[in-house]
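The values are calculated or read from the model by the stated rules, or taken from the named source; none is laboratory data. In this text, all values refer to a predicted model and were calculated from it rather than measured experimentally. Every residue, glycine as well, gets a Cβ built from its backbone with ideal geometry; the counts of neighbours run over all protein chains shown. For the accessible areas, the whole protein counts, side chains as well, though only heavy atoms, and no ligand, DNA or RNA atoms are used. Shrake-Rupley method; radii C 1.70, N 1.55, O 1.52, S 1.80 Å.
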Amino acid sequence: MKLHRINAQLLKFWYITINRVDRIFDIVYWPLIDLFVWGFASFYIRQLSEVNLLSMFLGGMILWIFVWRAGQDIAVYILEDFWSKNLYHLYTTPIRLSEHMTAVIVMGLIRSMATFLVMIALAWLMYAFNLFEIPVLMLASAIFLLSLFSWSIGLLVTALIMRFGQRIQVLAWSIVWAIQPFSCVFYPLAALPGWAQAIAAWMPTTAVFENVRAIIFGTPMNYALLGRAVIMDLALLVVMAFLLKASFNHAKRSGLLARGD
Amino acid sequence: MYPIEVAELVKSFRQKRKRKVIVDDVSFKVKKNEIFGLLGPNGAGKTTIINILAGLLTEDSGEIRILGHRPEENWEHVRNRMNVSTAYFPLSDVLTVEQNLKVYARLFGIKNVKEKIDELLSIFELSSVRKQRVLKLSSGERTRVTLCKGLINDPEVLLLDECTVGLDPDIAEKTRNIIKQYHKHHDCSMLFTSHYMYEVEELCNRIAFLNKGKIVKIDTAENLKRLIKNQTVEIAVKEKSRELKEFLKTEGLDVLLARQNTIIFEVTSEDEKLYKTMNKIFAKGFRLTDLHIQKPTLNDIFIKFAREGKDEAP
């Protein structure tokens, strides 16, 4: 991998971001809407309950940004190259798939961090909610695990786009939301029906949100679940990387890369 | 060493549950500093060959070597020294001309990025639009921006796929001149495809004719034109046109049209046949008022090969 080629891609993504108002706008728009809806709802429910629901909902929502933003951005920046038929020119340069994906992941991470920081500031200003009540080590671990998971999702969507073309681009926006119900972002694992628990227990995201809730409510942390999350995250990332490579090779065989559609 | 070597290349695609062979056992070599043309009707396999060489498509079988290397084994070395340009895929329309070129300059690891971009924009008369988004450019400007990208790394191998499509005649001529100048001052081998025969004839040292995925013939434009033996002669006489028609028939010539005072006939280009025929016509006392000789063009060759489907082996 060569840094100058990753930088070149990052420069392109930066140009796309500054040239398109919607790409700046969407850093905060949807998270802000969520912040209002969940924040106001939590405020109301808190009056009815002793439990710290505000911290639970807002903490979950702000951390979910990493899964949503980073995963979606990977797919959207790849789609951007499809929309502008730019893969043709890109892959006639010395760039490698790994360099392209590294640049996309870094850009997704930068945008996630931007959204994350804005949300933390707004949550503090609007609801006096301080995310840093969660110990820094746990917060960093949560961000790390959620980012790894989001990259896997991003790689999966990219692999599907490389395999089937732009016609499945709706997945770029929807796949993260299909995962959310099984991630226990806003409710404990125990609240799910049996069959759903069986799925959710294997999701790295569940481990993160279960433990964040444990800290907020002062209950013991589940380290076994966290350990399993690390293994699952890494395994998923490896599997998705192989899947993407296979899809990329297929795109070169089928002509999709040359046609860019 | 040949800058481009293609040996027994085969590529097929699945179409409606069947495999359709698009490139069928194609072999050719492009010499150092040569502009090599690929000609053929739509679907002949020209773009597929370019895409395989560009690294966008994988071949079913066969071997390609660029600058003496198999690209997949020496990816970076090969890709840094070659480039591609096509009118069909403009650069990113969200970015400005300058932003696009900066990105590609970095991808190729160019050191003096600003100077290189200034030079290319000046050559292609695009300096005035450097800050404009590609989206807002005319199709001719977009094509030239793509050509700028094609030359940004001073390639030793340049693949030009229909790179002048959509350009007005003035800009197209300027573009051809730029290609010629670049070719003259750099050690660059080019693979060139176009549907404009005059362009291919003007630029290419040798031409490969493709039809249905196979190479029908490889030769210079001059030699290819000699494959059509007959030239068409149109003469107008003041009088005795019927007698002239009969005379031409007795000479064994094929009269294509005889109308009023105009007669069109075919005569072979070999053995000074035209010269001898014209001498005989004058000797017989026919007085010509007009004469037009239509020599075979590359266009005729294109049509001949395209319709015949195949001809002699290369």
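Let's see how each residue does on (1) open to solvent by less than 90 Å² (accessible area, probe 1.4 Å); (2) under 32 Å from the mean Cα position of the chain (by Cα):
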position: B:VAL267; (1), (2): yes, yes
position: B:LEU274; (1), (2): yes, yes
position: B:ILE281; (1), (2): yes, no
position: B:LYS284; (1), (2): no, no
position: B:ARG287; (1), (2): no, no
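Scanning for something within 14 Å of chain B (Cβ to nearest Cβ), under 28 Å from B:LEU53 (Cβ atoms), among the small types (Gly, Ala, Ser) and not in a helix (DSSP H, G or I), does segment A:246-260 turn up at least one residue?
Looking for residues that are within 14 Å of chain B (Cβ to nearest Cβ), under 28 Å from B:LEU53 (Cβ atoms), among the small types (Gly, Ala, Ser) and not in a helix (DSSP H, G or I), one finds at least one in segment A:246-260, hence yes.
Within segment B:118-134, count every residue that is within 14 Å of chain A (Cβ to nearest Cβ) and either part of a helix (DSSP H, G or I) or of a type in the set (A, V, I, L, M) (or both).
Summing the residues that are within 14 Å of chain A (Cβ to nearest Cβ) and either part of a helix (DSSP H, G or I) or of a type in the set (A, V, I, L, M) (or both) in segment B:118-134 gives 1.
Restricting attention to segment B:147-176, which residues are part of a helix (DSSP H, G or I) and either touching a helix residue (DSSP H, G or I) at 6+ places or on another chain (Cβ under 8 Å) or open to solvent by 60 Å² or more (accessible area, probe 1.4 Å) (or both)?
B:LEU147, B:CYS148, B:LYS149, B:LEU151, B:PRO169, B:ASP170, B:ILE171, B:ALA172, B:GLU173, B:LYS174, B:THR175, B:ARG176
Quick check on my filter: what residues within segment B:22-73 are in contact with a Leu (Cβ under 9 Å, 6 or more places away or on another chain), more than 18 Å from B:ASN153 (Cβ to Cβ), within 13 Å of another protein chain (Cβ to nearest Cβ) and outside any helix (DSSP H, G or I)?
Scanning segment B:22-73 gives B:VAL23, B:GLY45, B:LEU57, B:GLU59, B:ASP60, B:SER61.
Taking the conditions exactly as written (aromatic (Phe, Trp, Tyr), buried (at least 18 other Cβ atoms within 10 Å of the Cβ) and either free of Cβ contacts under 8 Å to residues at least 12 places away in the same chain or under 22 Å from B:PRO169 (Cα atoms) (or both)), does B:PHE209 satisfy them or not?
no
Can you list the helices (runs of 4 or more DSSP H) found entirely within segment A:146-218 that contain at least 3 residues being in contact (Cβ under 8 Å) with a residue 24 or more places away in the chain? Even if it seems obvious, please write down each step before you answer.
Details: elements: A:170-179, A:194-200, A:204-217.
Result: A:170-179, A:204-217.
List pairs: first in segment A:122-139 and small (Gly, Ala, Ser), second buried (at least 17 other Cβ atoms within 10 Å of the Cβ) and part of a helix (DSSP H, G or I), Cβ under 8 Å, 6+ apart or cross-chain?
Here the result reads A:ALA123/A:LEU35; A:ALA123/A:GLY39; A:ALA123/A:LEU58; A:ALA123/A:ILE62; A:ALA123/A:LEU131, each pair linking segment A:122-139 to a residue that is buried (at least 17 other Cβ atoms within 10 Å of the Cβ) and part of a helix (DSSP H, G or I).
Checking the condition among the aromatic types (Phe, Trp, Tyr) and within 22 Å of the chain's Cα centre (by Cα), which residue from A:PHE209, A:PHE217 passes?
A:PHE209
Can you report the number of residues in segment B:184-200 which are buried (at least 20 other Cβ atoms within 10 Å of the Cβ) and in a helix (DSSP H, G or I)?
The qualifying residues number 2.
Out of curiosity, is B:GLU119 free of Cβ contacts under 8 Å to residues at least 12 places away in the same chain, closer than 19 Å to B:ASN177 by Cα and among the acidic types (Asp, Glu)? Show your work before the answer.
Values: free of Cβ contacts under 8 Å to residues at least 12 places away in the same chain: yes; closer than 19 Å to B:ASN177 by Cα: yes; among the acidic types (Asp, Glu): yes.
So B:GLU119 passes the test.
Could you list, in sequence order, all residues of segment A:109-118 that are within 25 Å of A:LEU155 (Cβ to Cβ) and either in contact with a Leu (Cβ under 6 Å, 6 or more places away or on another chain) or touching a residue at least 24 places away in the same chain (Cβ under 8 Å) (or both)?
Of everything in segment A:109-118, those that are within 25 Å of A:LEU155 (Cβ to Cβ) and either in contact with a Leu (Cβ under 6 Å, 6 or more places away or on another chain) or touching a residue at least 24 places away in the same chain (Cβ under 8 Å) (or both) turn out to be A:LEU109, A:ARG111, A:SER112, A:ALA114, A:THR115, A:PHE116.
Considering only residues that are of a type in the set (Ser, Thr, Tyr) and farther than 30 Å from B:ILE52 by Cβ, which ones fall in segment B:213-270?
Answer for segment B:213-270, where residues must be of a type in the set (Ser, Thr, Tyr) and farther than 30 Å from B:ILE52 by Cβ: B:THR232, B:SER241, B:THR250, B:THR262, B:THR268, B:SER269.
Being open to solvent by 40 Å² or more (accessible area, probe 1.4 Å), assigned to a helix (DSSP H, G or I) and at the interface with another protein chain (Cβ under 10 Å from one of its Cβ atoms) is true for just one of B:GLU115, B:GLU76. Which residue is that?
Every option except B:GLU76 fails the conditions.
Name the single residue, out of those in segment B:84-112 being among the basic types (Lys, Arg) and at the interface with chain A (Cβ under 8 Å from one of its Cβ atoms), that is nearest to B:LEU53 (Cα to Cα).
Top of the filtered list is B:ARG106.
Take A:SER174 and decide whether it is among the small types (Gly, Ala, Ser) and within 14 Å of another protein chain (Cβ to nearest Cβ).
Judged against the criteria, A:SER174 is not a match.
Taking the stated definitions as given, is A:MET162 buried (at least 19 other Cβ atoms within 10 Å of the Cβ), over 22 Å from A:LEU256 (Cα atoms) and within 14 Å of chain B (Cβ to nearest Cβ)? Steps first, please.
Numbers: buried (at least 19 other Cβ atoms within 10 Å of the Cβ): yes; over 22 Å from A:LEU256 (Cα atoms): no; within 14 Å of chain B (Cβ to nearest Cβ): yes.
No, not satisfied.
Inspect segment B:213-222 for any residue being surrounded by fewer than 16 Cβ atoms within 10 Å (Cβ to Cβ) and either free of Cβ contacts under 8 Å to residues at least 60 places away in the same chain or more than 23 Å from B:TYR198 (Cα to Cα) (or both) and give the result as yes or no.
yes
Scan segment A:82-108 for residues that are open to solvent by 10 Å² or more (accessible area, probe 1.4 Å), within 11 Å of chain B (Cβ to nearest Cβ) and polar (S, T, N, Q) and jot them down.
If the condition is that a residue be open to solvent by 10 Å² or more (accessible area, probe 1.4 Å), within 11 Å of chain B (Cβ to nearest Cβ) and polar (S, T, N, Q), then A:SER84 is the only one that fits.
Results for (1) at pLDDT 90 or above; (2) out of contact with any Cys (no Cβ under 8 Å at 6 or more places or on another chain); (3) hydroxyl-bearing (Ser, Thr, Tyr), shown as yes or no for each residue.
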site: A:MET101; (1), (2), (3): yes, yes, no
site: A:VAL104; (1), (2), (3): yes, yes, no
site: A:ALA121; (1), (2), (3): yes, yes, no
site: A:ALA128; (1), (2), (3): no, yes, no
site: A:ILE134; (1), (2), (3): no, yes, no
site: A:ALA142; (1), (2), (3): yes, yes, no
site: A:SER147; (1), (2), (3): yes, yes, yes
site: A:ILE153; (1), (2), (3): yes, yes, no
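So if I check each of A:LEU63, A:LEU53, which one is under 20 Å from the mean Cα position of the chain (by Cα) and more than 14 Å from chain B (Cβ to nearest Cβ)? Can you show your working first?
Details: A:LEU53 fails: under 20 Å from the mean Cα position of the chain (by Cα).
Testing whether each residue is under 20 Å from the mean Cα position of the chain (by Cα) and more than 14 Å from chain B (Cβ to nearest Cβ) leaves just A:LEU63.
With the structure loaded, tell me whether B:TYR88 is in a helix (DSSP H, G or I) and either buried (at least 22 other Cβ atoms within 10 Å of the Cβ) or not aliphatic (A, V, I, L, M) (or both) or whether it fails that test.
no
Kindly indicate whether any position in segment B:53-60 is surrounded by fewer than 23 Cβ atoms within 10 Å (Cβ to Cβ), closer than 25 Å to B:LYS180 by Cα and touching a residue at least 40 places away in the same chain (Cβ under 8 Å). Spell out the reasoning first.
Within segment B:53-60, the first condition is being surrounded by fewer than 23 Cβ atoms within 10 Å (Cβ to Cβ), and the residues that meet it are B:58-60.
After this cut, where a residue has to be closer than 25 Å to B:LYS180 by Cα as well, the list is none.
No, segment B:53-60 contains no residue that is surrounded by fewer than 23 Cβ atoms within 10 Å (Cβ to Cβ), closer than 25 Å to B:LYS180 by Cα and touching a residue at least 40 places away in the same chain (Cβ under 8 Å).
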